[in-house]
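Everything on this sheet refers to the single structure shown next.
Here, each number is a calculation from the coordinates, and none is a lab measurement. Treat the numbers as computed from the prediction; the structure is a model and nothing was measured. Don't worry about glycine lacking a Cβ; one is built from the backbone with ideal geometry, like all the others, and counts go over all protein chains shown.
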Amino acid sequence: MSAVNDTQVTHTVFFLTGIPGQENVYLWISIPFCLIYAILILGNSLILFIIKTDPSLHEPMYIFLCMLALTDLGLSAATMPTILGIFLFNSTEITLDACFTQLFFIHFTQTTESAVLLSMAFDRFVAISNPLRYASILTLPRIAKMGLVCVLRGVAVILPLPLLLKRYRYCRDNVLSHSYCLHQEVMNMACADITVNNIYGMSGALSTMGLDAILIFLSYVMILKTVLSIASRAEGLKALNTCVSHLCIVLLFYTPEISLTVIHRFMKSSSHLLQIILGYVYLLVPPLMNPVVYSVKSKHLRARLIRLFVK
């Protein structure tokens, strides 16, 4: 670790950024964020409740959807308190340990959700390419093991990030550009050589979310190949229709994730407001839209929701 000059002040806190220049209307800005948070919690909780209480939905696809809802709830719980704290109470200060904890849970839930999306792609591939053996391949114990692997992989890959960050002293600008802590931004505040963190962060992202994205793409190439071999066009379209919800969620998840990563690493001179807005999209839109997408596309889930509200 490089030495720190005596004139440099070692920071013990970071300051989060809301939306610069809009401080006078933070209370009004908090209203849509509170609504989004409430809808997000309600939507994902309803998905969990309906699937748990309806035995007919105890199928692989819906169990994976439960895993997705749990990661979405975890991500929102890790980020929304600091976001709302800024808008409602102008609470911008966060200690180093709290920041490290928050960035762990943000990156952990994102990595786990990426693994769940890959598992869902495998589910669709098996359902379309080998429907007769679908139930024997994706048994409940096997699905449970897949879910455990998703979680353990996330912990194993992300836990070193805050541990590496704790080694450093922070004497540079301690104002973060978002309403939450991200590894890439926090490590740039360190007054030391961050090569190890930089290499590990990039390799960790590529070996998890990058690899997941490639495997999801390959799974859909194989699905498309299977569908094209089906003699009946109607049957082929019906098979593809079962993948639409998953494809929408994959795009909602990876598009802002990749955009934000590219901006942070390669386009540091880009508009600060663009980075902030994209950061909110990256965190809030996928958890908000995932229950909506599946409720619209799944007739069984939609029917169960309608019955619940009618009662």
Considering only lysines 8 or more places apart in sequence, or on different chains, count the pairs in the range 147-302 whose C-alpha atoms sit under 28 Å apart.
-> 6
Between Ser203, Ser136, Ser177, which gets the highest mean-square fluctuation from a Gaussian network model of the chain, Cα cutoff 10 Å?
-> Ser136
Filter the DSSP H helices in the chain by two things, a Kyte-Doolittle mean of at least 0.5 and an axial alpha-carbon span of 30 angstrom or more, and list the hits by number.
-> 26-53, 60-89, 96-129, 244-266, 272-297
Along each of the three principal axes of the Cα atoms of the chain, give the extent in whole Å, ordering the values from largest to smallest.
-> 74, 43, 34
At R0 = 45 Å, FRET efficiency that the Cβ-Cβ distance of Thr10 and Ser271 yields, to 0.05 = 0.90
Positive minus negative residues near His300 (Lys, Arg vs Asp, Glu; Cβ under 12 Å) = +3
Divide by every residue of the chain the summed helix terms, -39500 (n - 2.57) for each DSSP H run of at least 4, and state the resulting mean residue ellipticity at 222 nm, rounded to the nearest 500 deg cm²/dmol.
-> -24500 deg cm²/dmol
Free-by-geometry Cys in the chain, Cβ-Cβ under 4.7 Å as pairing rule, reported as Cys34, Cys66, Cys150, Cys243, Cys248
Relative contact order for the chain: what is it in percent, counting Cα pairs under 8 Å that are at least 6 residues apart?
-> 27 percent
Between beta-carbons, use under 15 Å as the cut-off and find the net charge around Thr226, counting Lys and Arg +1, Asp and Glu -1.
-> +3
